Amino acid sequence: MVAEPLRGGVQAPGEPGVVAQPQPDGSASPRRPAGPVERPALEGRPPWALMYHSVDSGPQDPYLLTVSPQRFAAQLGWLRRRGLRGVSMRELVRAYEQQAADGLVGLTFDDGYADFPRQVLPLLRAHGFTATLYVVAGRMGGHNAWDADAPRKPLVTIDQVRQLADAGVEIGSHGLSHCRMTGLAADELTTETRRSREALESVVRGPVTGFCYPYGAVDEAAEQAVAAAGYDYGAGICHQSATSRWALPRCYVGERDGGLRLSAKRVRHALRGWSA
């Protein structure tokens, strides 16, 4: 099946209220105006993207968000044997727009755990893969205080975020404080989207174009805020009722996901257009 372009792309330079954002190649990518932004549904099947959190050894957390390094290595091997190459969401979205996403799968890591540079990056490099790390901008160097019943896990520091960006990892925003985006007031949405982006761009010294909704919680107001803040896309989860450029579905992957379960999730995505 040939993918259709993602609708609702960046607006043309020179439109009223649009401010150019420097790109790594020196070109300008315009920020979106602050007013309402159209959020049309995707045409065709969304690209397949996997959602990870932590890759580490030790006791499992009650939320089942930690994958052992051994299992993660096996999952990457499974992808590679099936001719799939793991890429960042930024690369996946661009390839999808160009109808060139066949053979690609998005690899995303929420929360910005400090085990990413230690456990994840070496395995990605071994397979020739890339990925996206969604960082909680206001908690860099802290820990996962939002998971009350889970083991304390350190988060990447400012220096680690900069080093990962320099190493080719896409750094995206996971908000400023990891709060649920649904039901927030307009000023709170602005804080979580715009301020987190500004903070991360000052660290990576370049554009941050992807946003990931904490807890996968997204509604129309949150989508509008992400679009208006200038993000090129937003990442959610598979249980969303609608799919747009700023609410792309992703498939949860955990310790229990061996080859058979990954195969089933891939088939389900192909049949339904999203993953469960």
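Just a few scattered comments:
- In region 198-255, residue farthest from Gly168 (Cα to Cα) [restricted to those that are among the β-branched types (Val, Ile, Thr) and surrounded by fewer than 24 Cβ atoms within 10 Å (Cβ to Cβ)]: Thr243
- Within region 200-216, residues that are farther than 18 Å from Leu107 by Cβ sit with their Cβ atoms under 6 Å from residues that are among the aliphatic types (A, V, I, L, M) and assigned to a helix (DSSP H, G or I), at 6+ positions apart or across chains, in these pairs: Leu200/Ala137; Val203/Ile158; Val203/Val161; Val204/Ala165.
- Any hit, region 119-133, residues being more than 23 Å from Ser263 (Cα to Cα), in contact with a Phe, Trp or Tyr (Cβ under 7 Å, 6 or more places away or on another chain) and without any contact (Cβ under 8 Å) to a residue 60 or more places away in the chain: yes
- Taken over region 142-155, the criterion of being in a loop (DSSP other than H, G, I, E, B) and either in contact with an Asp or Glu (Cβ under 9 Å, 6 or more places away or on another chain) or within 13 Å of Gly206 (Cβ to Cβ) (or both) is satisfied by Asn144, Trp146, Asp147, Asp149, Ala150, Pro151, Lys153.
- The one condition from (1) basic (Lys, Arg); (2) at pLDDT below 95; (3) within 17 Å of Pro249 (Cβ to Cβ) that Arg31 does not meet is (3).
- Residue check for Glu97: over 20 Å from Leu65 (Cα atoms), out of contact with any Lys or Arg (no Cβ under 9 Å at 6 or more places or on another chain), surrounded by 14 or more Cβ atoms within 10 Å (Cβ to Cβ) and modelled with pLDDT of 95 or more: no
The values are calculated or read from the model by the stated rules, or taken from the named source; none is laboratory data. Remember, predicted model here, so these are calculated numbers, not experimental data. Every residue, glycine as well, gets a Cβ built from its backbone with ideal geometry; the counts of neighbours run over all protein chains shown.
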